[in-house]
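> Before I ask anything, let me first share the structure, which is written out below as structure tokens.
The values are calculated or read from the model by the stated rules, or taken from the named source; none is laboratory data. Keep in mind it's a predicted model, so treat the numbers as computed, not measured. Note that we place each Cβ from the backbone using ideal geometry, even for glycine, and neighbour counts take in every protein chain shown.
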Amino acid sequence: MASSSDMGSADFESLSSTSDVELLKRAWRNEKAAPEILPYEGDLVERAKGQIELVEENIEAYVENGIDPLVVSLYQMDLDRTQFLLRSYLRVRLLKIEKFMFHSLKSEEAESRLSEQEKVFARRCADDLAKHFEESVLRKLPENYQSVLKQSLISEVDDMVPEPHLDTFVACRSNSHFTLNLYEEGESTQTEEMYRGDLYFIRYKIVKGAIESGKMDLI
Amino acid sequence: MAGQTDPHVSLFSPEEVEFMAEDELVEIVPNMNMEPLNFIAGDFGRFIPQIPIQVPLWLAVALKRRGKCTFRPPGWLSVDNLTQVLEAEREPQSKFQALPFSYVEIARLLFDHARDDIPDMYMVRSLVEDIRDVRLHKLENNLGTFLGTSAVKMENVSAMEVNLVRPFARRALEAFYKHDKPEAAADRGTRSSRQPREANDEPRVKPFTLPTHLYFSF
């Protein structure tokens, strides 16, 4: 776990000590660029929240003690930057939850990516939306077509549920040297050597594993 | 692709790209004394007059605006280096030259706030603008070579350029992928008798065409 006093170099080449801000920035960037919701970085968010609260208290103390306003304003700037990252991260996730409401509640795996509060939010959203649809439209349709999730009772899958578009292309950068299989399982295995710092435009599905394990970053 | 709506705005706004670039370390020379700063982002040491120190770009700009320091321009932002880079970029069929990933943002912030700290500022600025133009032009010309690739390698393309190109390249690649996929299924059945596919699946350096209204004005 990186502590806040690590001198985190912003240069992506230094992997040795990464500050929480670096990690938060990475999480924010990945979340923004990815078409689906990524696993929730609970620990990171908690730590960031703790540090933000600490700095907020410090700033109040500084102002009271009459510390140089320049120093106070610099601390405030750092605080603002970190707060922005945290807020934007949470907001991007909420946006995605709203977009793929039913989808994220469908499977255990999808649900496990949300935090507890996000799960509550998603369920309430889904319930409200389902109720709204039922009352305004679905009750008035013929019996076979009354489901929120399926187009009709004949449908085998939940085809009214929008799914994240995993085939979209994303820009990504590699963090280390490894080989990547350019195709999915079962298709021809063509691999590509990824060196640190290489930039690629690739289909999200292919790099999904690499991103989750930290070998690549979305940019 | 018929029936497409207007290209929607890129995932990251230019301001957000700049925000990400602001964590890059730059060198400044403070002109006052200050205690170490313990930020969430990291610790930045004692500030002693005339002793150079590395700080994130956002902090450097903040200090500069309050008249507390001067910048030491980074090595790559010199007339000599940039002239070399420009010459190399102008070579026909050349790849992109190595420039810092956030060179656009760093240069822009330095020009806005630290003109007096850069020797030959006007020359440097016009060189950077020229380099940007040449690179964007290269990006444009090379988009045509996409033809059904599964991955596109971009060497030495900078953050702002990636962001500009992203929506268009993404949709183009997706369209190619969608149209290639059913062919791939047929491929497996008749592999031996089929002509080799014209599209080369090797990732290669791809320049991208930019619709002109997406040019980010310097």
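> Go through the residues of the range B:17-26 one by one and say whether even a single one is exposed (fewer than 15 other Cβ atoms within 10 Å of the Cβ) and facing chain A (nearest Cβ under 9 Å).
The first filter runs over the range B:17-26 and keeps only residues exposed (fewer than 15 other Cβ atoms within 10 Å of the Cβ), leaving none.
Taking every residue of the range B:17-26 in turn, none turns out to be exposed (fewer than 15 other Cβ atoms within 10 Å of the Cβ) and facing chain A (nearest Cβ under 9 Å).
> Another question, if that's okay. In the range B:37-53, how many are more than 9 Å from chain A (Cβ to nearest Cβ) and either modelled with pLDDT of 90 or more or within 27 Å of the chain's Cα centre (by Cα) (or both)?
7
> Consider residue A:172 against the criteria (1) exposed (fewer than 14 other Cβ atoms within 10 Å of the Cβ); (2) in contact with a Phe, Trp or Tyr (Cβ under 9 Å, 6 or more places away or on another chain); (3) under 26 Å from residue A:94 (Cβ atoms); (4) not acidic (Asp, Glu): it satisfies all of them except one. Which criterion is unmet?
(1)
> Here's a follow-up. Any residue in the range A:198-219 that is over 14 Å from residue B:162 (Cβ atoms) sitting within a Cβ distance under 7 Å of a residue that is of a type in the set (A, V, I, L, M, F, W, C) and outside any strand (DSSP E or B)? List the pairs, counting only those 6 or more apart or interchain.
A:204/A:34; A:204/A:166; A:205/A:166; A:206/A:182; A:216/A:207; A:216/A:210
> Can residue B:85 be described as under 22 Å from the mean Cα position of the chain (by Cα) and either free of Cβ contacts under 8 Å to residues at least 24 places away in the same chain or not in a strand (DSSP E or B) (or both)?
The answer is yes for residue B:85.
> As an exercise: evaluate residue B:74 against (1) under 30 Å from residue A:170 (Cβ atoms); (2) at the interface with chain A (Cβ under 9 Å from one of its Cβ atoms); (3) not aromatic (Phe, Trp, Tyr) and give the number of the one condition it does not meet.
(2)
> Something else about it: Going by the structure shown, is residue B:109 within 12 Å of residue B:73 (Cα to Cα), at pLDDT 90 or above and part of a helix (DSSP H, G or I)?
The answer is yes for residue B:109.
> Checking residue B:107 against (1) within 14 Å of chain A (Cβ to nearest Cβ); (2) of a type in the set (A, V, I, L, M); (3) surrounded by 17 or more Cβ atoms within 10 Å (Cβ to Cβ), which test does it fail?
(1)
> Considering only residues of the range B:110-133 that are in contact (Cβ under 8 Å) with a residue 24 or more places away in the chain and of a type in the set (A, V, I, L, M, F, W, C), which is surrounded by the most Cβ atoms within 10 Å (Cβ to Cβ)?
B:110
> With the condition being touching a strand residue (DSSP E or B) at 6+ places or on another chain (Cβ under 8 Å) and within 13 Å of chain B (Cβ to nearest Cβ), I'd like the helices (runs of 4 or more DSSP H) fully within the range A:100-219 carrying at least 1 qualifying residues.
Here the list reads A:204-212.
> Next question, about the same structure. In the list B:157, B:152, which residue meets the criterion of being in a loop (DSSP other than H, G, I, E, B), facing chain A (nearest Cβ under 10 Å), modelled with pLDDT of 75 or more and crowded, with 17+ Cβ neighbours inside 10 Å?
Just a single option satisfies the conditions, and that option is B:157.
> Related question: Look at residue B:23 and say whether it is part of a strand (DSSP E or B) and in contact with a Pro (Cβ under 8 Å, 6 or more places away or on another chain).
Values: part of a strand (DSSP E or B): no; in contact with a Pro (Cβ under 8 Å, 6 or more places away or on another chain): yes.
No.
> For residues in the range B:68-82 being in contact (Cβ under 8 Å) with a residue 12 or more places away in the chain and more than 23 Å from residue B:20 (Cα to Cα), which is surrounded by the fewest Cβ atoms within 10 Å (Cβ to Cβ)?
The extreme case among them is B:79.
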